[in-house]
Amino acid sequence: MRSLRLLLLLLPALAWLNPVVCPAQHAPHPRLVEPINENAIVPLKGNTLPVANARTDAGRVLPNLALTDLVLVLSRSPEQQTAFDEFIANQYDASSANFHHWLEPAEVGERFGPSLQDIATINGWLKSHGLTIAEVSKDRMAILFGGTAAQVESAFHTEIHNLRVNGEPHIANMSDPEIPAALAPVVVGVKALHDFHPRPMHRLGSKVQFNSSTGNWHRIAD
């Protein structure tokens with residue numbers, strides 16, 4: 001009994017001397033290693049709406065038009081994406097140590113997002129064009145920013161035009177935006193260079209009423 005009490009007293013000290021060692025979490029490696037050259041640019045393909053064409057074009061927007069809530073979409077490295085996909089699959093595998101091991105958005109960013117150095121490089125490039133950083137998403141996969149139309153056009157080498165689509169006024173970029181090739185390993189696209197928003201695909205039908213005598217439904221006037 002005495003030896004048991006002594007063991008219980010020694011356990012905290014033994015735990016302090018031999019702490020549990022958790023697997024090391026390595027910070028993401030920087031992928032933006034080339035100097036930014038504004039003369040060496042690449043297009044961000046697929047970032048122009050089909051409706052932005054000569055038929056709907058109503059002329060260039062004013063240079064001082066404020067563009068807010070723009071989003072620069074970032075990417076993971078192929079290795080990070082593979083690791084992330086495997087982790088997600090393991091969260092639903094009862095035999096995995098990561099079964100139901102849910103992560104906060106910030107943890108996703110720390111483990112599977114672009115490096116903080118890459119984020120700083122991109123933010124610095126945006127600021128060099130006079131654009132304002134509003135927020136970096138906690139998972140490090142998006143940067144929210146804004147500025148004037150002239151600043152956006154200068155940074156992304158595209159024009160923002162007024163459009164007239166189905167009788168409604170809109171704005172949109174008329175060509176795929178372009179960025180320095182040095183940023184391409186991390187930057188994959190720009191969202192909200194236009195003001196079109198998703199709409200539901202369904203439509204409300206007519207009102208109906210059940211006729212108990214015929215056993216059928218009949219449309220009724222609104």
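The values are calculated or read from the model by the stated rules, or taken from the named source; none is laboratory data. Quick caveat: nothing in here was measured; it's all calculated off a predicted structure. FYI the Cβ positions are ideal-geometry reconstructions off the backbone, even for glycines, and counts take in every protein chain you see. The protein model used for the area step is the full one, side chains on, heavy atoms only, and it has no ligands, DNA or RNA in it. Shrake-Rupley method; radii C 1.70, N 1.55, O 1.52, S 1.80 Å.
Here are the numbers for the structure shown:
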quantity	calculated
Loop chymotrypsin sites (Phe, Trp or Tyr not before Pro), segment 85-147, which have at most 11 other Cβ atoms in a 10 Å radius of their Cβ (DSSP)	TYR92, PHE99, TRP102
Simple label model, 7 Å out from Cα along Cβ direction - GLU34 to LEU49, nm	3.2 nm
Efficiency of FRET from Cβ geometry, ASN123 and ASN64, R₀ 22 Å, rounded to 0.05	0.40
Whole-percent carbon and sulfur share, accessible surface of segment 46-202, 1.4 Å	56 percent
Sequence-distant residues sharing a close amide H with LEU67 (under 5 Å, placed H)	GLY147, THR148, ALA149
Under-5 Å amide H pairs with GLU159, H placed in peptide plane, nonlocal only	MET174, SER175
For segment 24-141, size of Cβ-based charge dipole, Lys and Arg +1, Asp and Glu -1, in debye	480 debye
³J(HN,Hα), Karplus 6.51/-1.76/1.60, whole Hz, each residue of segment 105-117, x for Gly, Pro	x, 5, 5, 4, x, 5, 8, 10, x, x, 5, 4, 5
Amide hydrogen neighbours beyond the local backbone of VAL190, cut-off 5 Å, H modeled	VAL73
Backbone HN-Hα couplings from phi across segment 85-96 [Karplus 6.51/-1.76/1.60, Hz, Gly and Pro as x]	4, 5, 5, 4, 4, 5, 4, 10, 9, 4, 8, 8
Karplus-derived 3J(HN,Hα), 6.51/-1.76/1.60, for each residue of segment 133-138, Hz, glycine and proline x	7, 8, 6, 10, 4, 4
Whether segment 102-216 is rounded, prolate or oblate, judged on the alpha carbon gyration tensor where a/c under 1.5 counts as rounded	oblate
